[in-house]
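Shown next, in structure tokens, is the structure this report addresses.
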Amino acid sequence: PREIARALMPSYGFDLSQFSCLDSLYMSESGWKVDADNPTSSAYGIPQALTDGRDMPAGYFSSAEVQIKWGLEYIQSSYGSPCNAWAQWQSRSPHWY
């Protein structure tokens, strides 16, 4: 999954210098596991998207690439960059972004 993320980042406007922040974020959220499932919410997958009541893209529940694309789009629209998302995650307790 990390190599997929590195390859996809430029298409979302993220310089590869942002990868360390994305790596820290996804290690903390899911350990980069496609099947990471939060038992206290509907958060699922590498980016821990809240899936309850949302139309998730086809393949979201099984594909690292689909999850990473969803996560990069979410980061782009909500935070502007992986480092901004990571900073928000760190500033919140309990942690989330």
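What follows draws every value from the coordinates through simple rules; no lab data is involved. Computed from a predicted structure; not experimentally measured. In this analysis, Cβ positions are derived from the backbone assuming ideal geometry, glycine residues included, and neighbour counts consider all displayed protein chains.
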Whole-Hz couplings from phi, Karplus 6.51/-1.76/1.60, listed for the range 83-97; x for Gly and Pro: 5, 5, 5, 5, 4, 5, 4, 5, 7, 9, 9, x, 6, 6, 9
What does the extension gain come out to for SER77 and GLN90, with contour length at 0.36 nm per residue minus their alpha carbon separation? 2.8 nm
Under a plain spin-label model, where a point goes 7 Å from the Cα along Cα-to-Cβ, how far apart in nm are ASP55 and LEU16? 3.6 nm
For the range 44-54, just list the computed ³J(HN,Hα) in residue order, Karplus coefficients 6.51, -1.76 and 1.60, θ = phi - 60°, integers in Hz, with x standing in for Gly and Pro. 8, x, 4, x, 6, 5, 6, 8, 5, x, 10
Place a +1 charge on the Cβ of each Lys and Arg in the range 8-66 and a -1 charge on the Cβ of each Asp and Glu, then give the dipole magnitude about the Cα centre in debye, rounded to the nearest 20. 20 debye
Search the structure for amide H atoms under 5 Å from the amide H of ALA43, placed 1.01 Å from N in the peptide plane, and list their residues when 5 or more places away or on another chain. ASN38, THR51
